[in-house]
Amino acid sequence: MKKIILLGLIISLIISCTTQEKKSSIEGAWQLVYGKWSASEGTFPMQIQGSDIKIWSKEYFSFVGQLKLDTVLLDNFGGGTYSLDGNRYQENVIYHVNKNAVGSQPKMLLEIRNDSLIQKYPTNDNWELAGEYNIEIYKRLK
């Protein structure tokens, strides 16, 4: 009987040690497939060309890319930490191509539908979108 209990404890220990922590559905790499920014004169990929990738880990986000509007090239990069509570997403920007954005904490609405991630921003303190807002749609990279 003692051997059965000991064997059961060993098996339980092995199973608990090999069980992986569940990842959030946001974690991974995502490719920008559509963007419309209220301050921009165009949308991606119609008038704005290029590529942009955003990556989330358990605590951090980063993005990198290069976009082109007419003949103007824009390097795009940044990153920091984030929090996600339901569809309420907030970034803490640690580094950014636009130095004025460093230290900002933009609030966004985020939705994941299958392999699509949709970000809408900015929101006010009540998590409501402004009259004109930005939208970015990403597809999960495999």
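Bear in mind that the values in this text are calculations on the coordinates, not laboratory data. Everything numeric in this text was worked out from a predicted model, so none of it was measured. Virtual Cβ from ideal backbone geometry, glycine too; neighbours counted across all protein chains shown.
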*If we scan segment 66-81, do we find a residue that is touching a residue at least 24 places away in the same chain (Cβ under 8 Å), under 17 Å from residue 140 (Cβ atoms) and either surrounded by 14 or more Cβ atoms within 10 Å (Cβ to Cβ) or of a type in the set (Ser, Thr, Tyr) (or both)?*
no
*Tabulated pairs, segment 85-102, first free of Cβ contacts under 8 Å to residues at least 12 places away in the same chain, second surrounded by fewer than 17 Cβ atoms within 10 Å (Cβ to Cβ), C-beta under 8 angstrom, 6+ apart or interchain*: 102/94; 102/95
*Of the residues that make up segment 124-132, is at least one aliphatic (A, V, I, L, M), over 14 Å from residue 34 (Cα atoms) and out of contact with any Cys (no Cβ under 9 Å at 6 or more places or on another chain)?*
yes
*Could you list, in sequence order, the residues of segment 24-39 that are touching a strand residue (DSSP E or B) at 6+ places or on another chain (Cβ under 7 Å), small (Gly, Ala, Ser) and farther than 16 Å from residue 89 by Cβ?*
29, 35, 38
